[in-house]
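The values are calculated or read from the model by the stated rules, or taken from the named source; none is laboratory data. Worth saying up front: this structure is predicted, and the values here are computed from it rather than measured. Cβ placement follows ideal geometry from the backbone for every residue including glycine, while neighbour counts extend to all protein chains displayed. For the accessible areas, the whole protein counts, side chains as well, though only heavy atoms, and no ligand, DNA or RNA atoms are used. Shrake-Rupley method; radii C 1.70, N 1.55, O 1.52, S 1.80 Å.
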Amino acid sequence: MMNKVPGLFLACCVLPLIAAWVVLWSGWQPESTTNQGSFLSQEVILDVPEQGHNAWFIALNQPENCGQLCQGQLAVMEQLTVALGKHRQQVGLLLIGQGQSEVADVVPEVSTLSPGAFYLVDKRGLVVLEYLPQPDQTANRVLLKGLLKDLKKLLSYERSSSGGKQ
């Protein structure tokens with residue numbers, strides 16, 4: 001019996017590693033993800049305000065030359081405060097670039113971000129997901145519903161990972 005224990009232990013450690021290597025080598029990966037937004041191809045970190053109660057931020061990129069598109073998105077951002085409902089205390093709103101808002105904090109412009117796009121940003125300032133503006137208002141509403149759905153998943157995950165401590 002004692003001779004089988006090291007072999008069994010080795011098999012339990014090595015077999016999952018071999019299986020993982022085969023999966024990666026063969027290129028077998030899921031075609032889709034459950035998130036509605038798209039991940040950024042490069043790391044972008046914003047200088048977010050120090051507010052301990054915000055777990056996540058919704059940011060709108062409004063560069064100086066954005067124009068009418070950004071004005072429409074700014075109106076949508078103000079509606080997001082109502083749509084957040086009970087999660088409003090956990091989510092901060094940011095305006096990236098030029099502009100003024102009564103509901104959002106303004107942070108410096110980042111040239112690598114798309115004009116008029118919404119972003120989900122974690123409490124450390126890391127931009128995680130991007131939601132590009134749609135020309136059709138109906139498609140834009142669907143996109144923003146996806147943003148709220150992703151945000152609620154993230155908040156739920158944050159609550160469960162912290163052991164219920166808020």
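Entry remark, the stretch 104-120: residues being without any contact (Cβ under 8 Å) to a residue 60 or more places away in the chain and of a type in the set (Phe, Trp, Tyr) number 0 in total. Annotation note: of Leu132, Leu126, Leu113, the sole residue that is of a type outside the set (Ser, Thr, Tyr) and open to solvent by less than 50 Å² (accessible area, probe 1.4 Å) is Leu113.
The numbered conditions (1) open to solvent by 10 Å² or more (accessible area, probe 1.4 Å); (2) assigned to a helix (DSSP H, G or I); (3) among the small types (Gly, Ala, Ser); (4) in contact (Cβ under 8 Å) with a residue 24 or more places away in the chain are all true for Ser156 except (4).
If you take the residues in the stretch 43-66 that are surrounded by 12 or more Cβ atoms within 10 Å (Cβ to Cβ) and in a loop (DSSP other than H, G, I, E, B), which one is farthest from the chain's Cα centre (by Cα)? Let's see the steps before the verdict.
Our first condition is that a residue be surrounded by 12 or more Cβ atoms within 10 Å (Cβ to Cβ); within the stretch 43-66, this holds for 44-46, 48-49, 54-63, 66.
From what's left, in a loop (DSSP other than H, G, I, E, B): 44, 46, 48-49, 54-55, 63, 66.
Numbers: Val44: 12, Leu46: 13, Val48: 15, Pro49: 17, Asn54: 14, Ala55: 11, Pro63: 20, Cys66: 23 Å.
Within the stretch 43-66, the match that is farthest from the chain's Cα centre (by Cα) is Cys66.
Just one of (1) more than 24 Å from Thr34 (Cβ to Cβ); (2) open to solvent by less than 30 Å² (accessible area, probe 1.4 Å); (3) in contact with an Asp or Glu (Cβ under 6 Å, 6 or more places away or on another chain) fails for Tyr119. It is (1).
What about Thr81, is it hydroxyl-bearing (Ser, Thr, Tyr) and in a helix (DSSP H, G or I)? First the steps, then the outcome.
Working: hydroxyl-bearing (Ser, Thr, Tyr): yes; in a helix (DSSP H, G or I): yes.
Considered against the rule, which asks whether it is hydroxyl-bearing (Ser, Thr, Tyr) and in a helix (DSSP H, G or I), Thr81 comes out as yes.
Considered as a group, the residues in the stretch 24-37 that are at pLDDT 80 or above and open to solvent by 100 Å² or more (accessible area, probe 1.4 Å) include one that is nearest to Asp122 (Cα to Cα), and that residue is Leu24. Can you work out which of the residues in the stretch 67-106 that are crowded, with 19+ Cβ neighbours inside 10 Å and more than 24 Å from Lys152 (Cα to Cα) is modelled with the lowest pLDDT? Top of the filtered list is Cys70.
The numbered conditions (1) at pLDDT 80 or above; (2) in contact with a Pro (Cβ under 6 Å, 6 or more places away or on another chain) are all true for Leu40 except (2).
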